Amino acid sequence: MVMEDMELERLSAAMDGELDDENLPRLLGGCRHDPDLQQSWHAFHLIGETLRDSRLPPARLHSRIAQALKDEPTVLVPGKSSMAPPLPLDGVSQRRWLAMAAAIAVVVLTTALLRPGLPNNPVIAQNGQSAPAAIENGVSDKDIQTFVALHRQGSPLSEFQTVDYTPQTIAQR
Amino acid sequence: MGTGKAGFSILKVLGKGIIPVIGLLISGVGQAGSEPEPVGESLSLLSRLSHAAHDQSYRGTYVVQRGSEMESSKILHARIHGEELTRIEVLDGRPREITRDGKETRCYYPVQHKIRIEKGYTRHLFPALIEVPYEQYLRYYDVSQVGMNRVAGRECRRILLRARDRQRFDHEFCADVDTDLILKAVTYDQHHEPLETLLFTEVSEDDPMSAELLKPTYPDSIQWKKVFFPPPVADHLSYQWDIQALPPGFSKILQMSIQSTAVPGAPFEHLVFSDGLSSFSVFIRPLQGEGFRPVQARIQSSALSYYSGTVGQHRIVVVGEVPQEVVTAIGQSMTITEETH
């Protein structure tokens, strides 16, 4: 993250005229010297103008986000998740998540446009094997945890202290 | 947030959850436009990051964060009489302790009374994530400085290693402006979402540090069972392997034969490939009549991708900190040739 969340909040408060006298001079001083803060200032104004401008045609953003989500590969979760079940979202939370999804979609589009690289269908040498089945929906491979642990132990570049010892995860010969 | 006198605030309309996203957007724009450092500057920068982590004395607490999972460790590090010494104590979950000196890395599992001993290669332990030769990083990553941040109460310089292709992830380090010590390391996916983050929550220089502090805290460990790593390569493999879609820049750094009780049957041949910042493992084992349905997956809450399939009469598993398309391409492009007698 480029910038402290607090700094962005202060910037937002300043633009709303709600920043106190103590923090305002500090923020304005920061704006003079910090290019990131200047970009935030412009970004906030741009977003504000866009939200206010009712003349803009609908961007069909929801359908593009839905398509992007549809194209995302299914994520397999090794083992049991310790996460609590999701809480029902109130109106404010729903709006917040929608906003985040919209912004993330922009990031995805931006990244894809800016980066040359792997084609959509990576070149895969054929070895006579049939292609794997489509990514399995919600199926957990019982071996995944074991191989993840073995990789983290075996690769010098992986954070292996995060691997706990169990007879299943310690490789031996 | 600030939309001027128009009467409504973006923060009020969209909620504060938009703040990190806006930061991310600005971050992405800024990084896209940031010019890579000249080669000489990049090498100098990487060298300073490496030396800071290896040569200075410091102690602190750092956190490994993967999605919603988080684990903290305490680290002490010093160079005493020319020898680099490290002790890491994992603070969450079951107790584990890692010590490293010039000869080996040891991981103590006190509950099980076992010690894992690694020799023959240098394990990357945060914040020592950059190793010689520094030129290896410049072949497949652009190095640029992308601004400042503050981590653990210290000002730090953000250094982006941006992958030149889509066969590896971007990495970002934030290095202390005074000491060049890496205070934060982030691995980003192809959409610039953070996959893994390591960061100090507090750190201090501690020069000179007593060697006593760097000794393992388990004095009774002489009787513990020792597991040596890497295990030896199989005496003779009955097959030859080849990866036709090996991503450029990745080379084999380890090969060993392993056995896990969780995967009964013949031992696996375990190959580890790295480009200096990321790695992936390939596991190969002859099938013994069992069948496998191919599976590919991105492992949630981590930078890891996974592929499992078969090639001829062998099971193949590829797992590593690379995009999912890459592990799939690796697995599907493997060839196994049985030796003829």
Amide proton proximity set for B:LEU183, modelled H, under 5 Å, gap of 5+: B:CYS174, B:ALA175, B:ASP176
Karplus-derived HN-Hα couplings along the stretch B:218-228 (A = 6.51, B = -1.76, C = 1.60, θ = phi - 60°), whole Hz, x at Gly and Pro: 10, x, 8, 7, 4, 7, 6, 6, 9, 10, 9
Accessible area in the full protein assembly, largest first, 1.4 Å probe, for B:TRP224, A:TRP41: A:TRP41, B:TRP224
Lysine pairs with alpha-carbon atoms under 20 Å apart, the stretch B:14-223, spacing 8 or more or separate chains: 7
Added length on full extension, which subtracts the Cα-Cα distance from 0.36 nm per residue, B:THR217 to B:MET148: 21.1 nm
Vicinal HN-Hα couplings computed from phi for the stretch B:60-75 (Karplus, 6.51 cos²θ - 1.76 cosθ + 1.60; Hz; Gly/Pro x): x, 10, 10, 10, 9, 10, 10, x, 8, 8, 8, 9, 10, 9, 9, 10
Nearest-20 debye value, the stretch B:80-228 charge dipole, Cβ charges on Lys, Arg, Asp, Glu: 740
Cβ-defined net charge surrounding B:LEU43, 15 Å radius [Lys, Arg +1; Asp, Glu -1]: -4
FRET E, pair B:GLU155, B:HIS113, Förster distance 56 Å, beta-carbon r, rounded to 0.05: 0.80
Amide hydrogen neighbours beyond the local backbone of B:ASP189, cut-off 5 Å, H modeled: B:LEU195
The stretch B:60-181: relative contact order in percent, alpha carbon pairs under 8 Å with at least 6 residues between: 11
Contact order normalised by residue count of the stretch B:14-223, Cα under 8 Å, 6+ apart, percent: 22
Backbone HN-Hα couplings from phi across the stretch B:80-90 [Karplus 6.51/-1.76/1.60, Hz, Gly and Pro as x]: 10, 6, x, 9, 7, 10, 9, 9, 10, 10, 7
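The values are calculated or read from the model by the stated rules, or taken from the named source; none is laboratory data. Remember, it's a predicted structure, so these values are computed and weren't measured experimentally. Counting neighbours? That spans all protein chains shown, and the Cβs are built from the backbone with ideal geometry, glycine included. Heads up: the accessible areas ignore ligands, DNA and RNA and are worked out on the full protein's heavy atoms, side chains in. Shrake-Rupley method; radii C 1.70, N 1.55, O 1.52, S 1.80 Å.
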